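Note sheet for the following structure.
Please treat every number below as a calculation from the coordinates, not as lab data. Treat the numbers as computed from the prediction; the structure is a model and nothing was measured. Methodologically, a virtual Cβ is constructed for each residue, glycine included, from the backbone with ideal geometry; neighbour enumeration extends over all protein chains shown.
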Amino acid sequence: MGLAKRIIPCLDVDNGRVVKGVQFVDIRDAGDPVEVAKRYDEQGADEITFLDITASSDDRETTVHMVEAIAAQVFIPLTVGGGIRTCDDIRRMLNAGADKVGINTAAVFNPEFVREAAQRFGSQCIVVAIDAKKVSAEGEPDKWEIFTHGGRKPTGLDAVEWAKKMVDYGAGEILLTSMDRDGTKNGFDLGVTRAISEAVHVPVIASGGVGNLDHLVDGVTEGKADAVLAASIFHFGEYSIQQAKQRMADAGIEMRLP
Amino acid sequence: MSQVHTSTVAVIDYGMGNLHSVAKALEHVADEHTQVIVTSDPAVIDAADRVLLPGVGAIRDCIGEMHNTGLVPSIQKAMREKPFLAICVGIQSLMSHSEENGGVDCLNHFEGNALFFGDNHKDHDGSKLKVPHMGWNQVKQSISHPLWQGIPDNARFYFVHSYYVVPSNQNEVAGTCDYGLEFCVALARDNVFAVQFHPEKSHKDGLQLYKNFIHWDGKP
């Protein structure tokens, strides 16, 4: 008995459609976000993350309507990320029915925004998303750095130190994506996942690189993640959420099973 | 088109955050005779058949806003008279005192305190536990109660909190949970029921609890 580890399917949404980019380039269509969210809810997802990757900010209204539609039909926690830059953005998403918002680039350029957001809305709804890449060479001690712009721009910030700072500023949860692994299907970067999970007292969600169900197990047992996030393995029907949960439970991980 | 409602559920809006998901979940399980009203109007609360007290964020802000909005008398009146459900920080606000924010006096409907899990919270085997307690945990039903009807014992509900309630009267405990320690996650006395978890985020078992509330006559 105890707290279950979570499986979080992620919907990357571009112009109103669920897509999944391999290394953010080759984008495949995976359906209508509301339908996809309902399917995952029925399959027993513990939470849903909706990531708006639409390039132009004109389409934010579309996102708000989709979040409203999902929230009216799906009664599990919903996190919305992508383009969250101001407290007004946060309020709009919470009013639309999001339970948490993911702050990524805006935190890097203006860390005080995280503090302000946590004070205003409570840490429980502030997820700081971190995109990390390994920068240490073979044989050197492990080191990971924060990157922005889909992994293209280095910031010089150490990923573990950054995570600790974000928690001090009020982040209630860390969504950690390995940009080396994202889209590769080679599994999470377990090193950075474990380093950050052991460095902070808030839950850490591992993301980036899931290609099979063993990767999800490894994220928890070796990466010490509190939750695992995946997209493409679920979108294209390779595995159901149920199968994933059963596999994790079989590996001795506490899960919420139907 | 006019619709005849025979029963109303007031969701108290005292400025503390997001009531959208609570209202949506109630509406999802409400039949055509039940109307869900999100309100900060004492008259509407006084006239409602059932009252739900939500709460998110810090306790000082919650209690402060309840006083600022002048809703405390209506909340207390509802707790004396009709089926009343408090959720999340709502349960903490019904205790005598919370140690959050350097100590805050609460509404004192249930005698006892809200305590912090602590920065160094550990599991039974000594391993470190994350705080907040966030995610799906099992709820052991301490008593049988109309609000537990149709919900299996040890069903999982969604939690997100760093403080937990410790009531003085053990006979008011309606449910417990284990996270490094066994603690109270549901309280019941007469027509008042309160839970630490979020039914509106707890899938079918959470919706069942709301459905039970909508049909509850307020008797234990």
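A few notes on this one:
- Peptide ranges A:156-162, B:214-220, A:115-121 listed from the most packed, as the mean C-beta count within 10 angstrom indicates: A:115-121, A:156-162, B:214-220
- Each pair of Cα atoms in the protein assembly as shown enters the Kirkwood radius, and Stokes-Einstein at 25 °C and 0.890 mPa s then converts it into a translational diffusion coefficient of 108 µm²/s.
- Backbone phi angles across the stretch B:170-175, fed through the Karplus curve with coefficients 6.51, -1.76 and 1.60 (θ = phi - 60°), yield HN-Hα couplings of 4, 6, 8, 6, 9, x Hz in residue order; Gly and Pro are listed as x.
- Tail fraction, Cα-Cα pairs, the stretch A:126-223, threshold 24 Å, whole percent: 14 percent
- Using C-alpha pairs under 8 Å with a sequence gap of at least 6, the mean separation divided by the residue count of the stretch B:7-214 gives a relative contact order of 20 percent.
- Long-range Cα-Cα pairs in the stretch A:73-161 (distance over 18 Å), rounded percent: 49 percent
- Judged by the ratio a/c of the largest to the smallest principal axis of the C-alpha gyration tensor, the stretch A:132-175 counts as oblate, that ratio being 1.5 or greater while a/b is no larger than b/c.
- Look at the alpha carbon pairs under 8 Å that are at least 6 residues apart: their mean separation over the length of chain A gives a relative contact order of 19 percent.
- Translational diffusion of the stretch B:1-114, estimated by Stokes-Einstein from the Kirkwood radius over alpha carbon pairs at 37 °C in a medium of 0.692 mPa s, is 227 µm² per second.
- Taking the Cα atoms of the stretch B:7-214, the ratio Rg/Rh between the radius of gyration and the Kirkwood radius comes to 0.94.
- About the centre of its Cα atoms, chain B shows a dipole size close to 280 debye [charges on the beta carbon of Lys, Arg (+1) and Asp, Glu (-1) only; nearest 20 debye].
- Cβ-Cβ distance of A:Asn186 and B:His5, R₀ of 56 Å, FRET efficiency by 1/(1 + (r/R0)^6): the value works out to about 0.50.
- The alpha-carbon atoms of the stretch B:142-185 define a convex hull whose volume equals 86 cubic angstrom per residue.
- For the segment A:118-129, counting C-beta atoms of other chains within 10 Å of every residue's C-beta and taking the mean gives 3.
- Among the residues of A:42-54, the average count of other protein chain beta-carbon atoms within 10 Å of the residue beta-carbon is 1.
- Shape annotation for the stretch A:6-250: C-alpha extents along the principal axes are 49, 41, 32 Å, from largest to smallest.
- Residues B:His198, B:His121, sorted so that the one with the fewest Cβ neighbours within 10 Å comes first: B:His121, B:His198
- Label separation (B:His124 vs A:Gln242): 3.1 nm, computed from points 7 Å beyond Cα along the C-beta direction.
- Inter-chain Cβ neighbour average for residues A:97-103, partner chain, 10 Å: 3
- Order of B:His203, B:His67, B:His28 - criterion: other Cβ atoms within 10 Å of each residue's Cβ, fewest first: B:His67, B:His28, B:His203
- Segment B:Asp190-B:Val72, extension gain: residue separation times 0.36 nm, minus the distance between their alpha carbons: 40.5 nm
- Partners of A:Lys134 within straight-line reach, counting lysines whose Cα lies under 27 Å from its Cα and excluding those fewer than 8 residues away in the same chain: A:Lys5, A:Lys20, A:Lys143, A:Lys153, A:Lys164, A:Lys165, A:Lys185, A:Lys224, B:Lys128, B:Lys130.
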